[in-house]
Amino acid sequence: MIARIFLTVLLSGVLLYAWKEYRLSPVVAFLSVLASCWGLYFVWVPEHATELAHLAGVGRGVDLILYTWVVISLILLLNLHLKLRAQMETITLLARSIALTNARK
C-alpha cells in the first residue's frame, strides 16, 4: 500500500508539472498527462496491466511497463541529442560570424 501511495504522489506531481507547463509545450504536457493517467490507472488496477501484458505476449504487467519505459526513454534521449547537436551547430555558426565580423574591424 505504501508503494501505491508513493507512486500516486509522484504521478500527481507529474500531472501538476504538465498542467503548469502546458502553455510552453502543449504536446509534451499532453503526453505527460496521458502517461501519468495511465500510470495512475495501472498503479491502482495492476491486474489490467497484467492482462494487457499477456495480450502483448509479455509475462507480467510490470515487465511490459518497464519495456515501454525503456523505449520512451531511448526516444527522449535521441530527441535531446538531436536538439543539442542542432544547438551546437547554431552556436558554431554564430561564433564564426562574430569572429569574422570582429576580424574585419
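Laboratory data are not the source of any read-out in this text; all were calculated from the coordinates shown. Model, not experiment: these values are computed from the prediction. Here Cβ is always computed from backbone atoms with ideal geometry, including for glycine, and neighbour counts include all displayed protein chains.
Between the helical axis of 26-44 and the longest alpha-carbon principal axis of the chain there is an angle of about 20 degrees.
Couplings 3J(HN,Hα) for segment 69-81, derived from phi with the Karplus relation 6.51 cos²θ - 1.76 cosθ + 1.60 (θ = phi - 60°), are 4, 5, 4, 4, 5, 5, 5, 5, 4, 5, 4, 5, 4 Hz, where x marks Gly and Pro.
With contributions of -39500 (n - 2.57) from each DSSP H run of at least four residues, the per-residue ellipticity at 222 nm computed over the chain stands at -31000 deg cm²/dmol. Label separation (Val14 vs Ala103): 5.0 nm, computed from points 7 Å beyond Cα along the C-beta direction.
Taking Cα atoms only, the orientation of helix 2-20 departs from the longest principal axis of the chain by about 40 degrees.
Axis angle, to the nearest 10 degrees, between helix 46-56 and the longest C-alpha principal axis of the chain: 70 degrees. The phi torsions of segment 59-68, fed into the Karplus equation with coefficients 6.51, -1.76 and 1.60 and a -60° offset, translate into couplings of x, 10, x, 5, 4, 4, 5, 5, 4, 5 Hz, rounded to whole numbers, with Gly and Pro shown as x.
Taking a ≥ b ≥ c as the square roots of the eigenvalues of the Cα gyration tensor of segment 61-105, is the shape rounded (a/c under 1.5), prolate (a/b larger than b/c) or oblate?
Verdict is prolate for segment 61-105.
Counting only other residues whose beta carbon sits under 15 Å from that of Val14, what net charge do I get with K and R as +1, D and E as -1? Summing Lys and Arg as +1 and Asp and Glu as -1 gives 0. Contact order for segment 1-44, expressed relative to its length and based on alpha carbon pairs under 8 Å spaced 6+ residues apart, stands at 47 percent.
Summary value for segment 1-97: 16 percent relative contact order, contacts being C-alpha pairs under 8 angstrom separated by 6+ residues.
Positive end of the dipole of the chain (Cβ unit charges, origin at the Cα centre): among Pro46, Ile5, Leu94, the Cα lying farthest that way belongs to Leu94. Each of Arg4, Arg104 was scored by other Cβ atoms within 10 Å of its Cβ. Arranged with the fewest first, they read Arg104, Arg4. Taking the square roots of five times each eigenvalue of the Cα gyration tensor of the chain, the equivalent ellipsoid has semi-axes of 43, 17, 10 Å, listed largest first.
Oblate is the label for segment 1-53, because a/c, from the alpha-carbon gyration tensor with a ≥ b ≥ c as root eigenvalues, is 1.5 or above and a/b does not exceed b/c. Per-residue Cβ neighbour counts within 10 Å put Val33, Val70 in the sequence Val70, Val33, beginning with the fewest.
Quick one: which of 54-60, 84-90 comes out on top by average Cβ neighbours within 10 Å, and what's the full order, highest first?
54-60, 84-90
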